[in-house]
Amino acid sequence: MKVNRNFDNLVPNYLFAEIAKRTAGYIEEHPDQKVIKLGIGDVTLPLAPVVVDALKKGADELGVKETFKGYPVCEGYAFVREAVSNYYASFGVSVDKDEIFISDGAKSDTGNIGDIFGTENTVLVTDPVYPVYVDSNIMAGRKIVYAPSTEENGFCAMPDESVQADIIYLCSPNNPTGAAYTADQLKIWVDYALKNDAIILYDCAYEAFITDDCPRSIFAIDGARQCAIEFCSLSKTAGFTGTRCGYTVVPKELERDGHNIYKLWYRREATKFNGVSYPVQCAAAAVFSEEGQRQIKENLDYYKENARIICDAMDELGIYYTGGKNSPYIWLRCPNGMGSWEFFDYLLSNAQVVGTPGEGFGECGKGYFRLTSFGDRENTIEAVERIKKLLSK
Ligand code: PLP
């Protein structure tokens, strides 16, 4: 037998293991010092009470014969899809509930969507990049081309007309850079995709952090229904990183290569996915209730305030950065021309603050660094004070 030899082409990703190793080493040598972690991409606030109540109620129903549920439908219960559809309508985007697939998260779906596309397609990703898009396509054996996100384009890579791509991953607001595309920029990508007969895979896992008029969905853009699939997640919106739930939108009229893309994805899901558990779907629906929206906003506001505190410090220090405004991530240029890992060590040794070296997300991340606003308030304030003291010397 043979294994999938495409796995040989994966580049080992040591980023988070290396961060953990260096941090642990430092703590062992300096047990008396308090190290603050602003590198984490996971949330820290608990689920909203209304969400927990819905989870419990869903679990209780499973324990009673009359309300017991077996396998759910793979695309999710209508009551959740309806709730998601209404959520889209709340910011002016029309998505039919039957175009929505409830999933166990955006990571699975952005990775699995490749099942329905030929391996001869060329995949375009922006660099730096959320590693799932790259690794899942390397596993499938697809060719990958990179669109550089740089200071010159505000870390919003734009299409190069001389590059032909069939599958385009866009992430806005972006992980790791925090930069968000404007409607005009997205329109350029949509036009490029339509011209090239390509499909945009649009990951808006951080849409709930948008505070200005950047689109919260690619379907706010004319023509997107003819060229895009959208992935979203409740992980960062509502603290579901451990609960697991997301949703994917495939417009019914999306066609390529003589096939209906919605039907292909439906068939893929029906074959390989048995749906999200009932209590989790109840919890997801609760997120979209009026009270749910009010309660999750409190958590989002908390993280947004942390982000503002970090951004203010960067402004004070005159350090270039993106993100922080429409995103929990602040992506900064390492001061004094330091490399990403050099700055990591410098910050850890001199301020006892841990961040994420940008070069772990791609070539264009070299010399940049990611801080997150997912920590608690006191630690964020203390970390920022230490960074200011260190870098204003
Ligand atoms: N997409 C992006 C851009 C992310 O940063 C993350 C998580 O960090 C995910 C998707 C994963 O989402 P989920 O937890 O729904 O799998």
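Calculate how steeply helix 78-90 sits against the longest principal axis of the alpha-carbon atoms of the chain, using the helix alpha-carbon long axis, and give the answer as 0 to 90 degrees to the nearest 10.
Around 60 degrees separate the two axes.
Taking a probe of 1.4 Å, how large is the accessible area per residue of the chain, in Å²?
Normalised by residue count, the accessible surface of the chain is 44 Å².
If you filter the range 16-95 for GluC sites (Glu not before Pro), then keep DSSP loop positions with at most 14 other Cβ within 10 Å, what is left?
The qualifying sites are Glu66.
Taking a cut-off of 20 Å between Cα atoms, list the lysines near Lys97, but don't count ones fewer than 8 places away on the same chain.
By straight Cα distance, Lys97 reaches Lys252, Lys263.
So which aspartates and glutamates can Lys69 reach, going by Cα to Cα under 12 Å and dropping same-chain residues fewer than 8 places off?
The reachable aspartates and glutamates, counting only those whose Cα sits under 12 Å from Lys69, are Asp60, Glu61.
Hey, if you drop one equal point scatterer on each alpha-carbon of the range 118-231 and run the Debye formula without solvent, what base-10 log of I(q)/I(0) do you get at q = 0.09, 0.11, 0.12, 0.18 Å⁻¹?
Listed by q, the Debye log ratios stand at -0.20, -0.31, -0.37, -0.87.
Helix 15-29 sits at what angle to the longest principal axis of the chain, using alpha carbons and giving 0 to 90 degrees rounded to 10?
40
Just need the relative contact order of the chain here, percent rounded to a whole number, with Cα pairs under 8 Å and 6+ apart.
23
Among bridges DSSP assigns within the chain, what percent are antiparallel (round to 5)?
Just about 50 percent of them are antiparallel.
Using a 1.4 angstrom probe on heavy atoms only, work out the carbon and sulfur share of the accessible area of the range 68-176 in %.
Carbon plus sulfur share of accessible area: 51 percent.
How long is the range 291-351 along each principal axis, judged by its Cα atoms, biggest number first, in Å?
Reported extents, whole Å, longest axis first: 47, 21, 15.
Compute the acute angle (0 to 90°) between the alpha-carbon long axis of helix 261-272 and the principal axis of greatest extent of the alpha-carbon atoms of the chain; round to the nearest 10°.
80
Projected onto the charge dipole of the chain (+1 at Lys/Arg Cβ, -1 at Asp/Glu Cβ, origin at the Cα centre), which of Ala147, Phe344, Ile309 gives the Cα projection farthest towards the positive end?
Projecting each Cα onto the dipole axis, the largest value belongs to Phe344.
I'm checking a number: the convex hull volume of the Cα atoms of the range 1-144, normalised per residue, in Å³. What is it?
In the range 1-144, the Cα convex hull volume per residue is 264 Å³.
Using a 1.4 Å probe, how large is the accessible area of His30, given in Å² and rounded to the nearest 10?
50
Can you pull the Kirkwood radius for the chain, inverse mean 1/r over Cα pairs, to one decimal in Å?
The Cα-based Kirkwood calculation yields 21.9 Å.
Pick from Gly358, Gly178, Gly76: which is most flexible by mean-square fluctuation in a GNM of the chain where alpha carbon atoms under 10 Å apart are linked?
Gly76
What percentage of the solvent-accessible surface of the range 339-393, computed with a 1.4 Å probe over protein heavy atoms, is contributed by carbon and sulfur atoms?
Result for the range 339-393: 46 percent of the exposed heavy-atom area is carbon or sulfur.
What order, most packed first, do the peptides 105-115, 247-257 have when packing is the mean number of other Cβ atoms within 10 Å of each residue?
Listed from highest to lowest mean packing, they are 105-115, 247-257.
Among Val132, Ala48, Gly25, whose Cα projects farthest towards the positive end of the dipole of the chain, with charges put on the beta-carbon of Lys, Arg (+1) and Asp, Glu (-1)?
Result: Gly25, furthest along the dipole toward the positive end.
If I compute solvent accessible area with a 1.4 Å probe over the protein chains, what percent of it on the range 186-336 is carbon and sulfur?
48
Take every Cα pair under 8 Å in the range 186-233 that's 6+ residues apart, average their separations, divide by the length, and report that relative contact order as a whole percent.
50
Please report the accessible area of Lys272 (heavy atoms, 1.4 Å probe, ligands and nucleic acids excluded) in Å², nearest 10.
130
Note down the relative contact order for the range 36-106 as a percent, whole number, built from C-alpha pairs under 8 angstrom at least six residues apart.
23
The values are calculated or read from the model by the stated rules, or taken from the named source; none is laboratory data. In this text the structure is predicted, and so the values were computed from the model without any measurement. Neighbour counts are summed over all protein chains in view; Cβ atoms, including those assigned to glycine, are modelled from backbone coordinates with ideal geometry. All accessible areas refer to the heavy atoms of the entire protein, side chains included, with ligands and DNA or RNA removed. Shrake-Rupley method; radii C 1.70, N 1.55, O 1.52, S 1.80 Å.
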